Amino acid sequence: MDGRAYLEKVIGDRLGSVRQVPEGSRTGTLNLPELEGIATGLIAAGALRPADAERILTDLRKTMARTSPRPVTADSPASKPLRVISLAGHTFIQGEVTITLVSLEVWSTMLILRSAVPTDHDWTPDTMIKFWDSRWRWRAWDDTGTQYRSTDSASSSLQDVVVDSRTFYPGPPEEARMLTLIVEHHEHQVAVEIPLV
């Protein structure tokens, strides 16, 4: 499989469909984290060189910044880091792949969940397609009833692991102590409890 040609075709197809959307909403239509995930999966499967992936994604980011800059509003609250919680030893299975949780960053306006996947996993084409399927849905709530939405994630390859950072909004209330994370797909669902303090 020519991973470079595949990634370029996927991006070309997505950019083609984005042209039909008004400029102000284009960053919401072109799912950069999903495309980064596809690239990471192709790298893990040995179908794409990391340097080629980085070049293609850098060009895409520049195109997105040029055509649809995100406005900064004066009334947006500044994010403040509150604490980092180690999640060493926590794992769950997404499809057929074991996800190792690394840490949870608690910010005033968001949560950032960091996890890792070994690149030496048996990345068959079916496993890779299922793992990087855009239909996976990540959602969460805490013990006070606050609902969290995951709007983006970013992945990068570090030696023998792929590290993912997934952001959830909003930030938790002070009294929240436990986060319940649900990762679901039409064929699979898993729930994980994560401490917030």
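The values are calculated or read from the model by the stated rules, or taken from the named source; none is laboratory data. Computed from a predicted structure; not experimentally measured. Reconstructed Cβ throughout: ideal geometry from the backbone, glycine too, with neighbour counts over all protein chains shown. Each accessible area value is taken on the protein alone, full model and side chains, heavy atoms only, with ligands, DNA and RNA left out. Shrake-Rupley method; radii C 1.70, N 1.55, O 1.52, S 1.80 Å.
Put simply, when 106-119, 165-178 are sorted by average Cβ atoms within 10 angstrom per residue, most first, you get 106-119, 165-178.
Once all protein chains are placed together, Asp59 keeps about 70 Å² accessible to a 1.4 angstrom probe.
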